[in-house]
1. Among the residues of segment 143-176 satisfying the criterion of being part of a loop (DSSP other than H, G, I, E, B) and closer than 21 Å to residue 231 by Cα, which is modelled with the lowest pLDDT?
2. Go through (1) in a helix (DSSP H, G or I); (2) on the phi > 0 side of the Ramachandran plot and name the single condition residue 109 misses.
3. Quick one: what pairs do we get from segment 12-34, first residue at pLDDT below 90 and of a type in the set (A, V, I, L, M, F, W, C), second surrounded by fewer than 21 Cβ atoms within 10 Å (Cβ to Cβ) and not in a helix (DSSP H, G or I), C-beta under 7 Å, 6+ apart or different chains?
4. Only one of these conditions is not met by residue 198: (1) loosely packed, with under 15 Cβ neighbours inside 10 Å; (2) at pLDDT 85 or above; (3) more than 30 Å from residue 180 (Cα to Cα); (4) not aromatic (Phe, Trp, Tyr). Which number is it?
5. Could you please find all residues in segment 115-130 being modelled with pLDDT of 75 or more, part of a helix (DSSP H, G or I) and out of contact with any Leu (no Cβ under 9 Å at 6 or more places or on another chain)?
6. Given (1) within 24 Å of residue 153 (Cβ to Cβ); (2) not in a helix (DSSP H, G or I), identify the lone condition not met by residue 86.
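The values are calculated or read from the model by the stated rules, or taken from the named source; none is laboratory data. Bear in mind the structure is a predicted one, so any value in this text is a computation, not a measurement. Note that we place each Cβ from the backbone using ideal geometry, even for glycine, and neighbour counts take in every protein chain shown.
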Amino acid sequence: MYSIINKYKLLALHLMVLVLGFTGILGKLITLESTHLVWYRMLIAFILLFIFLLVKKRIKQINPKNILPLIGAGFVVALHWLFFFESIKVSNVSVAVICLSTSSLFSAFLEPIFFKRKILKYEVFFGLIVMITLAFMLYEKPENKFLSENYTLGYFYGFISSFLATLFTIINAKFINKIDATEITMIEMLGGVILISLYFFIINDYSIVSKAISFSDLSFLFILGSICTAGVFVWMIEIMRYMTPYSVIMAVNLEPIYSIIIALIIFNDSESMNTFFYLGGTLILLTVFSDGYIKAKKKSLKI
């Protein structure tokens, strides 16, 4: 398996990003409300990753001291996915993934707080470009009546999702050199299941165990939890054996493009946005790539 990935590593990398691009598509296809959707996704991913680590005989290697902090990080992951899928359900896939693509720019303001480093001027500049672009995208509402009514709410949920994605990425950065990424993910998935289960218990809602799920929803949930969650994380780890983290990060930044194209093909009119949306989205993605390029250049000069 490793030799095949090494030989076709670039193809394997972009195939992985294409699979990630289906996350939003599946979120729209699944008819369950966001809380149920995320609970099932994280439960399926946790079970599969637990089995994977059990087979690899790595369960006993997990340090008990790291479990509670990672479960807390799992709370953040769960909230991120809840807002992401809710953004899709009240607006569309395109709005949610464009908002999510700004997560790397939120790090310009969060990383200095967590890692006690200076705020970089070019990061602030890129952040301002993104915010101004998004403001205009919000002002120019789409012609589609449904989208027009839910457009602003979709962006609001999307921004929260993007912020939380940045937050849990920074939290993970504190653990990644100490714990294997698969172990981190497994415990975080468990944390998400615990958080949403507690929410159901508090509001006295037990429909998660009593309500029957349609075969189509169950099928899409399994694909989402297995291939698009557990599988992608393991896949990413194997690819990073042969490629630099920068190459992987730059490829992952293509996810919104893949998602929007797939959504347009599958959902047609409900994903159709005005010209300004696509121009603004392109500018945001170019800004994200520019940020990554400058970081890579600065890193190479230090080596």
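1. 176
2. Result: residue 109 fails condition (2) only.
3. Qualifying pairs under 7 Å: 13/243; 17/254.
4. Here residue 198 clears every test but (3).
5. 121, 122, 124, 125, 128
6. Every listed condition holds for residue 86 apart from (2).
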